[in-house]
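Here's a structure for you.
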Amino acid sequence: MMETIVILLLFLAVAYPALRYLIFILSNRQSGELPEVRRQLGGLFKPVMRGAATAGLADLMVLPTYPLGIMGGREPMGSGTPILLVHGLFHNSSAWLVMKQRLRKAGYENLHTYQYNSFTGEFPQAVDGLQRKLDSLLQQSPSRKVILVGHSLGGLVIRAAVGNPRFWGKIAGMVALGTPHGGSDLARFGGNRMARGLIPGREIMTMADGAPQPDCPKLAIFNPVDDFVFPLHTLLPPEGWSKKVCSPMGHVWMLYSKEIADMLIDFLSEVLEEENREAAS
């Protein structure tokens with residue numbers, strides 16, 4: 001039994017990230033973007049090693065925390081602008097455990113998560129569910145707008161959901177962390193419909209790209225050695241989004257990174273400062 005556990009942990013920490021980075025290199029090489037990745041980072045070996053190390057750590061962190069998301073929990077309406085966090089493919093609300101702690105420490109307490117089934121569910125169902133969650137938050141706090149933060153696929157769920165006209169003027173800001181705005185070649189190995197829908201050019205991108213975007217600050221945070229989203233151009237958001245490139249790290253590690261939390265907190269501060277100015281004028 002112990003030997004099996006050790007083998008599983010080694011696979012999660014070493015073999016699985018190494019396999020993803022091999023596919024990452026092959027994908028960027030085939031697309032002709034590997035030289036650009038190398039140019040942006042001033043090399044390839046060290047950034048990929050750092051990405052693989054953080055990816056392995058993230059995979060190990062997901063394993064014990066995942067059940068906490070299944071159990072769920074109450075999220076009462078707090079004071080201040082509601083911040084709604086949307087997880088990515090095959091994850092759940094446990095994705096945000098560390099990030100929520102950092103946000104609370106920074107003074108943001110009105111935090112909420114949206115959870116959807118990416119194993120057997122369909123993308124339109126995830127979008128409909130997020131729209132219902134937004135309706136609920138806005139009904140409970142009618143005088144305030146909502147800030148949306150999505151990791152990975154969660155960013156596309158957000159982009160598709162806010163295209164509904166009933167949310168125009170109700171969204172204060174949007175953040176996408178490592179979102180596959182153009183899909184990902186890794187999705188070609190996906191084991192279900194939701195994953196394969198992320199193949200570049202497939203229905204998820206079509207639905208997200210076809211949704212009108214609200215007139216609010218929008219920020220995409222990503223790094224060129226993302227081990228789940230590649231080749232490089234698939235990380236780039238559509239027109240109208242600001243872009244910030246973080247240091248090399250694994251895709252899932254973005255959820256646990258203090259650097260990413262600090263970037264998010266800076267964005268929240270700017271958005272809420274602008275909201276307060278508008279409310280006072």
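The values are calculated or read from the model by the stated rules, or taken from the named source; none is laboratory data. Remember, predicted model here, so these are calculated numbers, not experimental data. Don't worry about glycine lacking a Cβ; one is built from the backbone with ideal geometry, like all the others, and counts go over all protein chains shown.
Scan segment 79-94 for residues that are surrounded by fewer than 19 Cβ atoms within 10 Å (Cβ to Cβ) and within 28 Å of SER118 (Cα to Cα) and jot them down.
Correct list: PHE90 only.
Scan the strands (runs of 3 or more DSSP E) fully inside segment 166-281 and keep the ones with 3 or more residues being over 18 Å from LEU85 (Cα atoms) and at pLDDT 95 or above.
On the way: elements: 171-177, 218-222, 242-245.
By residue number, 242-245.
Of all residues in segment 49-79, which are touching a residue at least 40 places away in the same chain (Cβ under 8 Å) and more than 20 Å from the chain's Cα centre (by Cα)?
The one that is touching a residue at least 40 places away in the same chain (Cβ under 8 Å) and more than 20 Å from the chain's Cα centre (by Cα): MET77.
A follow-up question, please. Does segment 118-128 contain at least one residue that is buried (at least 17 other Cβ atoms within 10 Å of the Cβ), in contact with a strand residue (DSSP E or B) (Cβ under 8 Å, 6 or more places away or on another chain) and not aromatic (Phe, Trp, Tyr)?
Within segment 118-128 (the criterion being buried (at least 17 other Cβ atoms within 10 Å of the Cβ), in contact with a strand residue (DSSP E or B) (Cβ under 8 Å, 6 or more places away or on another chain) and not aromatic (Phe, Trp, Tyr)), the answer is no, since none of the residues qualifies.
Report yes if SER94 is hydroxyl-bearing (Ser, Thr, Tyr), within 29 Å of ARG196 (Cα to Cα), in contact (Cβ under 8 Å) with a residue 12 or more places away in the chain and not in a loop (DSSP other than H, G, I, E, B), otherwise no.
Numbers: hydroxyl-bearing (Ser, Thr, Tyr): yes; within 29 Å of ARG196 (Cα to Cα): yes; in contact (Cβ under 8 Å) with a residue 12 or more places away in the chain: yes; not in a loop (DSSP other than H, G, I, E, B): yes.
Yes, satisfied.
Filter segment 22-71 down to residues that are among the hydroxyl-bearing types (Ser, Thr, Tyr) and buried (at least 19 other Cβ atoms within 10 Å of the Cβ) and give me whichever is nearest to ASP185 (Cα to Cα).
So in segment 22-71, the residues among the hydroxyl-bearing types (Ser, Thr, Tyr) come out as 27, 31, 54, 65-66.
In the following step, the residues that additionally are buried (at least 19 other Cβ atoms within 10 Å of the Cβ) were identified as 27, 54.
Working: SER27: 7, THR54: 21 Å.
Here the residue is SER27.
Inspect all residues belonging to segment 209-232 and state whether any of them is crowded, with 16+ Cβ neighbours inside 10 Å, touching a Lys or Arg at 6+ places or on another chain (Cβ under 6 Å), in contact (Cβ under 8 Å) with a residue 12 or more places away in the chain and charged (D, E, K, R).
yes
Is it the case that some residue within segment 71-83 is hydrophobic (A, V, I, L, M, F, W, C) and over 19 Å from LEU156 (Cβ atoms)?
Of segment 71-83, the ones hydrophobic (A, V, I, L, M, F, W, C) are 71, 77, 83.
Those still in the list that are over 19 Å from LEU156 (Cβ atoms) too: 71, 77.
There is at least one residue in segment 71-83 that is hydrophobic (A, V, I, L, M, F, W, C) and over 19 Å from LEU156 (Cβ atoms).
Follow-up. When you go through (1) touching a strand residue (DSSP E or B) at 6+ places or on another chain (Cβ under 9 Å); (2) buried (at least 21 other Cβ atoms within 10 Å of the Cβ); (3) of a type in the set (Gly, Ala, Ser) one by one for GLY240, which number turns out not to apply?
(2) is the only condition that GLY240 fails.
Taking the options ASN192, ASN164, name whichever one is surrounded by fewer than 24 Cβ atoms within 10 Å (Cβ to Cβ), touching a Phe, Trp or Tyr at 6+ places or on another chain (Cβ under 7 Å) and of a type outside the set (A, V, I, L, M, F, W, C).
On the way: ASN164 fails: touching a Phe, Trp or Tyr at 6+ places or on another chain (Cβ under 7 Å).
That would be ASN192, the only listed residue that is surrounded by fewer than 24 Cβ atoms within 10 Å (Cβ to Cβ), touching a Phe, Trp or Tyr at 6+ places or on another chain (Cβ under 7 Å) and of a type outside the set (A, V, I, L, M, F, W, C).
What is the number of the single condition among (1) outside any helix (DSSP H, G or I); (2) loosely packed, with under 13 Cβ neighbours inside 10 Å that GLN101 does not meet?
Of (1) outside any helix (DSSP H, G or I); (2) loosely packed, with under 13 Cβ neighbours inside 10 Å, only one is false for GLN101: (1).
List every residue pair whose Cβ atoms sit under 7 Å apart, with the two residues 6 or more apart in sequence or on different chains, where the first one lies in segment 127-143 and is farther than 12 Å from PHE167 by Cα and the second, anywhere, is in a loop (DSSP other than H, G, I, E, B) and at pLDDT 95 or above.
Once the first residue is farther than 12 Å from PHE167 by Cα and sits in segment 127-143, its partners that are in a loop (DSSP other than H, G, I, E, B) and at pLDDT 95 or above give GLY129/TYR116; SER141/PRO82.
The rows are residues; the columns are (1) over 24 Å from ARG39 (Cα atoms); (2) among the polar types (S, T, N, Q).
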| position | (1), (2) |
| --- | --- |
| VAL175 | yes, no |
| MET194 | yes, no |
| LEU198 | yes, no |
| LEU219 | no, no |
| ALA261 | yes, no |
| SER269 | yes, yes |
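Could you go through segment 90-99 and let me know if any residue there is more than 16 Å from the chain's Cα centre (by Cα) and not small (Gly, Ala, Ser). Step through it out loud before you land on a result.
Filtering segment 90-99 down to residues more than 16 Å from the chain's Cα centre (by Cα) leaves none.
No, segment 90-99 contains no residue that is more than 16 Å from the chain's Cα centre (by Cα) and not small (Gly, Ala, Ser).
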